[in-house]
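Just so you know, all these numbers are worked out from the coordinates, no wet-lab data involved. Just so we're clear, the structure is a prediction, and the values are computed from it rather than from any experiment. Here Cβ is always computed from backbone atoms with ideal geometry, including for glycine, and neighbour counts include all displayed protein chains.
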There are 2 protein chains.
Amino acid sequence: MSVGIRHDDLRRRNRAMVIAAVRRAGQPSRTEIAATTGLSHSTISAISSDLIGEGILAESKPIEAGSLKRGRPQVGLSLNAEAAAVMTVVLSLNFLSVAVIDYAGQVISEEQRRLDTLTMPRDTLIGECVAIVRRRLEDPDLDVRSVARIALAIQGITDTRARAMLWSPITPHTDIAFADILEDEFGIPATMENDCNMMAVALRWRDPQRYRDDFIAILLSHGIGMGLVLKGQLFTGTHSSGGEFGHMIHQPKGALCRCGRRGCVEAYAGNYAIWRNARQLGEDTEPVADVSDADMRALAAAARDSEGPEREAYRKAGEALGYGLGSLFALIDPAPVAMVGVSAAAFDLIEPALREAIAQTAGGQHSEWISFDTEPNELPLIREGCAMRALTFVDQEIFAPGAQTRSGLVSKNVA
Amino acid sequence: MSVGIRHDDLRRRNRAMVIAAVRRAGQPSRTEIAATTGLSHSTISAISSDLIGEGILAESKPIEAGSLKRGRPQVGLSLNAEAAAVMTVVLSLNFLSVAVIDYAGQVISEEQRRLDTLTMPRDTLIGECVAIVRRRLEDPDLDVRSVARIALAIQGITDTRARAMLWSPITPHTDIAFADILEDEFGIPATMENDCNMMAVALRWRDPQRYRDDFIAILLSHGIGMGLVLKGQLFTGTHSSGGEFGHMIHQPKGALCRCGRRGCVEAYAGNYAIWRNARQLGEDTEPVADVSDADMRALAAAARDSEGPEREAYRKAGEALGYGLGSLFALIDPAPVAMVGVSAAAFDLIEPALREAIAQTAGGQHSEWISFDTEPNELPLIREGCAMRALTFVDQEIFAPGAQTRSGLVSKNVA
DNA sequence: GCTCTTTTTTTCGAGCCTCGAAAAAATACT
DNA sequence: AGTATTTTTTCGAGGCTCGAAAAAAAGAGC
């Protein structure tokens, strides 16, 4: 089952810890690293000297801010941007976006492309992804060998091993092992992530104050997705990416959901559901394929303008989200929530019914404490999350070698 | 945030690993331990020699089973039963049960007692617990100093730090810091656990084949509880024991629940709910305080006997459980389920509606795969779980000292 | 301009820990 | 009794972290 700690693991882990400390803090001095890691100054000195020698870290200017201090000035350590690069591939409805990011986290090359993902044959979809990655890798500004890892994100369900997309609303095709495909094609380790999980990862890096050990990112878009961090760990299902908050049951035998079932939270709170209710089409009406952001904004404007079916549609969305969150909170206790996506811009219309519903649930014990944040634009978040995830893998695997890992999966059984 | 690995941690962790390997395997040889932990023979030899010298492990007879083998026979290592003892305290509705267990896991002293927990004043309830523990500690057969840890379990919500009961259906009183009270009284480290979590822990030890990394234990009793193991880890909420499956919302604004809210799963599947529906009392009827096991068995018999309100009551329970499980599975993916408690004996009446409901949900994708096990008697399981939990603490803390832990809580911030 | 103080960083020896190889131990086979 | 086989122990080598002390690099004071 669990495996003993070998002697050589020690250095590897502590190297990884130093790299992680530098990535988090930006430009910490050796003394600061010693404080945050709890290791001795001598150890930090030895490890950072190694890492600098290997070109992974670099000494930057002495820290100027507090130059009032006496004594030898601290020397800031920073990541060497040229040590490596990673690539992010974000595949969403009718849209493909790729970026190359240096080791310090700066975008150095990117490309975006519209495609008709819903009608595209399987091979074309895969081909488009491979082609866009190849174009970026062949970018003359870039040294191909420096791209150490690729992180893909897709709306939909991925497997826990982060190899394949199992199901996605953006395409009728299922079980596409994107990670394996890209690995075979380019020989670069790749992982396939769920978009909402990447949102959560990004939020954690963006605002570690608010999004620390426990929080929830909910995507309010055409569908409803969730990324969940519990006790500092990204939460995934046992076999798939899990966290399919949008398909928790709000109303047994209720409204028709895009997934073909009935009564899911999404069937009340997804863009298509809000649209359907606002147009008073009835809960059995087949979900429309897509509602433009502009249409959704118009809907929200109409709802704000006057009482009517639009406002009622947002109310119903809030109620479904509230009861869903209440059930979730019964399982995990309340935590800060970030609402992301177009409908997050209409959260003022959603919030009252949501809070009312959540107060009816066991999880909503102290619903006044529960705080919501909104972020209307999901794409940058997803990309940022992918970038950080890929960089973290590079930190752990490439620059702290020796682990029994392969492609992001820590193997549990060694015997 | 995360802390570097000090040099002395190494030995401590590997000692703990060896102890854990012996506890799991029963009588493994040094060679077997080396294989399961991945450590070298020399290391295992050194560590086990230390542990034997400290009286924690003991060499037992050479393993006889496969005595056909050539070569030096393996020497089995086992836990020294006298190395320590732990105490379990299980507090359930109108019932208090205490046992002392030796380091090898055998019960060496026990006592059970009926009390009227629902009407008892706060101090009396606490006093009864303290008194029964004192009586067991003063048992002449027992060396007091050898009791190294106490694990309490209670039906209800506990805090993540495992110090206090926050809320429980068995008493009107709230926020009783049982762990602190016993620690102060007897100077023995104590933890306060949730009963269903202990059931899950016990199932894992009882049948590691079936209940390994991911599974669910559901208590079908007066209330509905859940213990959840995900990726080999006991799942708890961010602040409380969490996993309040019984209070996920099945039907917004639905049947009246014991918790005062409406539409919880428990309001359809708890004993009182089945009773209420079987008696056709209406969903707004105030839940009864208790239904005897005999009454529940009679109800099940009547339901099996003929179509009627009893059978319909079990159907409704199954539906609520099914939709609830479906929502849960949407979050975590399906996993093996153990149904525990009186109504688990009536699972034949519950299962059809449960499976039908779960098939209507996203989490019930392949509902035919989902397997259920039943165990009508929860008390032994809870006690077993407490014992293993307490013993594991002793393994980790007492016999592998140096960790920055206190009373079961691993401190995350060292700086 | 020089010395003293303060703080950061590096150096160095001590003490552990794990590992691999070889030796020792304990049994079955012939 | 001797040989083969398997388990367990022994022993030296190599690494790692740690604490103390030294070195380095500034500001403060005169």
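Between residue B:359 and residue B:24, the FRET efficiency estimated from the beta carbon spacing at R0 = 25 angstrom works out to 0.10. Normalised by residue count, the stretch B:148-205 yields a Cα convex hull volume of 76 Å³ per residue. For chain A, the spread of Cα coordinates along the three principal axes comes to 69, 50, 46 Å, biggest extent given first. Length, then width, then depth: along the principal axes, the Cα atoms of the stretch A:203-327 run 42, 31, 25 Å.
Once the GluC sites (Glu not before Pro) in DSSP loops with at most 15 neighbouring Cβ atoms within 10 Å are cut out of chain B, the longest remaining piece is B:139-306.
With label points defined 7 Å past Cα in the direction of Cβ, position residue A:45 shows copy-to-copy spacings of 3.8 nm, given to one decimal and shortest first. Only Lys, Arg, Asp and Glu carry charge here, each on its Cβ (+1 for the first two, -1 for the last two); on that basis the stretch B:142-245 has a dipole of about 440 debye about its Cα centre.
In a simple Cβ point-charge model (Lys, Arg +1; Asp, Glu -1; nothing else charged), chain A has a dipole of about 1200 debye relative to its Cα centre. Tilt of helix A:378-393 relative to the longest C-alpha principal axis of chain A, in degrees (0 to 90, nearest 10)? That helix lies at roughly 30 degrees to the long axis.
Going 7 Å from the Cα of residue B:130 along its beta-carbon direction, which residues of the stretch B:176-214 have the amide nitrogen within less than 13 Å of the resulting point? Residues B:177-187 qualify, since their backbone N sits under 13 Å from the label point. Between the helical axis of A:122-137 and the longest alpha-carbon principal axis of chain A there is an angle of about 40 degrees. Distances between copies at residue A:297, taken between label points 7 Å from Cα along the C-beta direction, are 6.8 nm in increasing order. The Stokes-Einstein estimate for the stretch A:4-121, based on a Kirkwood radius over Cα pairs and taken at 10 °C with 1.306 mPa s viscosity, is a diffusion coefficient of 94 µm²/s.
Applying 1/(1 + (r/R0)^6) with R0 = 35 Å to the Cβ-Cβ distance of residue A:75 and residue B:7, what FRET efficiency is obtained, to the nearest 0.05? Provide the component values of the computation, followed by the final result.
On the way: r = 26 Å, r/R0 = 0.74.
Computed FRET efficiency for residue A:75 and residue B:7: 0.85.
All distinct Cα pairs of the protein assembly as shown go into the 1/r average, and the inverse of that average, the Kirkwood radius, is 29.0 Å. Placing dummy labels 7 Å off each Cα toward the beta-carbon, the span from residue B:304 to residue A:233 is 4.1 nm.
What FRET efficiency, computed as 1/(1 + (r/R0)^6) with R0 = 60 Å and r the Cβ-Cβ distance, is obtained for residue B:290 and residue A:141, rounded to the nearest 0.05?
E(calc), rounded to 0.05, equals 0.20.
Axis angle, to the nearest 10 degrees, between helix B:195-206 and the longest C-alpha principal axis of chain B: 50 degrees. Of the residues A:376, B:188, A:365, the one whose Cα sits farthest toward the positive end of the charge dipole of the protein assembly as shown, with +1 on the Cβ of Lys and Arg and -1 on the Cβ of Asp and Glu, is B:188. Computed over the alpha-carbon pairs of the stretch B:271-354, the distance histogram in 10 Å steps reads 18, 48, 27, 7 percent, short to long. Holding the Cα-Cα limit at 25 Å, pick out from A:61/A:231; A:231/B:231; A:231/B:316; B:231/B:253; A:316/B:253; A:253/A:316 the pairs that are longer than that. Beyond 25 Å between Cα atoms: A:61/A:231; A:231/B:316; B:231/B:253.
Extending 7 Å from Cα along the Cβ direction at residue B:398 and again at residue A:297 yields two label points whose distance is 6.7 nm.
Of chain A, which part is the longest with no trypsin sites (Lys or Arg not before Pro) in a loop (DSSP not H, G, I, E, B) and with at most 10 other C-beta atoms within 10 angstrom?
A:71-415
Sorted shortest first, the distances from the residue B:401 label point to those of the same residue in the other copies are 4.2 nm; each point sits 7 Å from Cα along Cα-to-Cβ.
Residue B:210 sits among other residues whose Cβ lies under 10 Å from its own Cβ, and their net charge, with Lys and Arg +1 and Asp and Glu -1, is +1. Per residue of peptide B:246-255, the mean number of Cβ atoms on other chains within 10 Å of the residue Cβ is 6.
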